[in-house]
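Q: Starting off with a structure, shown below.
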Amino acid sequence: MSEPSHSEQEVIQYLLGALPEAETERFDALSVADADFADELGAAEKNLVDAYIQGELTGASLERFQSHYLASPLRREKVEFAKAFQSYAGRNAARVSESVAVAESKPKRATAGFFSSLNIFQSQSLVLRWSFAAAVVVLLALGGWWSLNSRSQPVVSVILSPPLRGSAQIPTLSIPKTSTDVAIQLELESNDYPTYLVVLLERPNNRNLWSSAKLTAKATGAGEALDISFPAALLKRTTYVLQVTGVPANGEPEIVGDYPFKL
């Protein structure tokens, strides 16, 4: 891996949603297209989550973590896992320390390695041997899962603008195989309804693959937009359309826009 191209503080500000919109969009693109940056992002994210669960975040950083970072279900899952991992390690620390004390009461060779120096596997007690082995296996498995999960569950972020009238050009999205979710921001031509519904249709038969709950438009730098996300597993190499329907307070819903894209 090459030298980090961004400071960890800058990457953390991105994770906290504290960067200007243009920088955020640039980092969004890098997280998908640049493997080195993806590694930087993963390392910074682990440090950020660790700081949160250890109570080291304060002030604006803590507020942004709670309001922005934890707004994502996948990120909340990572935090819950980290808490569970820390709790498990804490519960077993006393047991392991006691085992170490017992083991260290016996002479050991100067050349002994970590496990040998503990003398756990030379212990007279089968219960102690297997309890320690089980704890090590679980901790290694959990640590490996966290590492894999942080790399294998990126959320691809995309912005789709209203298609130009009469234009036959369809945007092409690139979704990495490791992605589990696709987050799309649909820019609206105008915000004329209190709520909206979005459906994902597969062309050419317009098969309905996914439907949103009721959505409210939010203000962005470009105007008003809808934020949606759905599983990446729904997509394959074909053409799709995201159909937006406006839902009035009274009256019938009305289709207000189609956002085609392809893989």
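Q: Please find, among Leu74, Leu70, Leu62, the residue that is in a helix (DSSP H, G or I) and either closer than 19 Å to Val182 by Cβ or of a type in the set (S, T, N, Q) (or both).
A: On inspection, the qualifying residue turns out to be Leu74.
Q: Being farther than 19 Å from Pro253 by Cα, small (Gly, Ala, Ser) and in a loop (DSSP other than H, G, I, E, B) is the filter here, so list the residues in region 182-228 that pass it.
A: Gly221, Ala222
Q: Say we look at region 1-59 and pick out the residues that are more than 16 Å from Tyr69 (Cα to Cα) and among the aliphatic types (A, V, I, L, M); which of these is modelled with the highest pLDDT?
A: Here the residue is Ala22.
Q: Related question: Considering only residues of region 162-181 that are in a loop (DSSP other than H, G, I, E, B) and among the polar types (S, T, N, Q), which is modelled with the lowest pLDDT?
A: Going through the qualifying residues, I end up with Ser167.
Q: Considering only residues of region 213-263 that are β-branched (Val, Ile, Thr) and free of Cβ contacts under 8 Å to residues at least 24 places away in the same chain, which is farthest from Ser72 (Cα to Cα)?
A: If we take residues in region 213-263 being β-branched (Val, Ile, Thr) and free of Cβ contacts under 8 Å to residues at least 24 places away in the same chain, then Ile255 is farthest from Ser72 (Cα to Cα).
The values are calculated or read from the model by the stated rules, or taken from the named source; none is laboratory data. Every value quoted in this text rests on a predicted model; they were computed, and no experiment measured them. Cβ sites come from the backbone with ideal geometry, for glycine too, and all protein chains shown count toward neighbours.
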